[in-house]
Amino acid sequence: MTTQQLILISCLYLAELVIVTYFTRATPRRIAGALAGGATVGLFGLGAIVLGNAFEFWRVPIFWTPSFLPLFYLGFVISVTPIYLVTWRVGRRFGERGLAVFIGVVAIIGPPRDY
């Protein structure tokens with residue numbers, strides 16, 4: 001993945017975040033919480049990539065330059081944050097059953113998407 005591709009994808013995820021924020025009617029406090037959760041996932045995601053590459057579980061072909069890593073981290077944060085806003089809204093509206101259905105749908109969609 002090149003820097004230009006990463007910037008483009010991050011901008012598309014930022015547009016998605018704005019749209020999800022609008023439709024979920026999230027307050028600034030809720031958005032800050034979702035961003036904090038995204039920041040945490042970003043740290044764990046980068047750690048998983050580094051460990052996976054180090055133990056040769058997988059190989060992620062990215063450029064390990066000082067300017068690329070912050071962009072990659074930002075892309076992680078921006079891409080995960082809308083998920084927290086959607087799960088908050090589903091949990092608030094439909095309760096535990098809604099969250100269970102949401103997790104089931106994500107579990108079914110996830111593997112083919114990653115393949």
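The values are calculated or read from the model by the stated rules, or taken from the named source; none is laboratory data. Computed from a predicted model, the values in this text were never measured in an experiment. So basically every Cβ, Gly included, is an ideal-geometry build from the backbone, and we count neighbours across all protein chains shown.
Here are a few things to note about the model shown:
Yes/no matrix, rows are residues, columns are (1) part of a helix (DSSP H, G or I); (2) surrounded by fewer than 10 Cβ atoms within 10 Å (Cβ to Cβ):
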| residue | (1), (2) |
| --- | --- |
| L6 | yes, no |
| L14 | yes, no |
| R29 | yes, yes |
| G38 | yes, no |
| V50 | yes, no |
| V60 | no, no |
| Y73 | yes, no |
| P82 | yes, no |
| E96 | yes, yes |
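- The stretch 1-18: number of residues that are more than 19 Å from S67 (Cα to Cα) and without any contact (Cβ under 8 Å) to a residue 12 or more places away in the chain: 3
- Within the option set V90, V105, being surrounded by fewer than 16 Cβ atoms within 10 Å (Cβ to Cβ), within 22 Å of I19 (Cβ to Cβ) and over 10 Å from the mean Cα position of the chain (by Cα) holds for one residue only, V105.
- Flag if L69 is of a type in the set (A, V, I, L, M, F, W, C), assigned to a helix (DSSP H, G or I) and modelled with pLDDT under 90: yes
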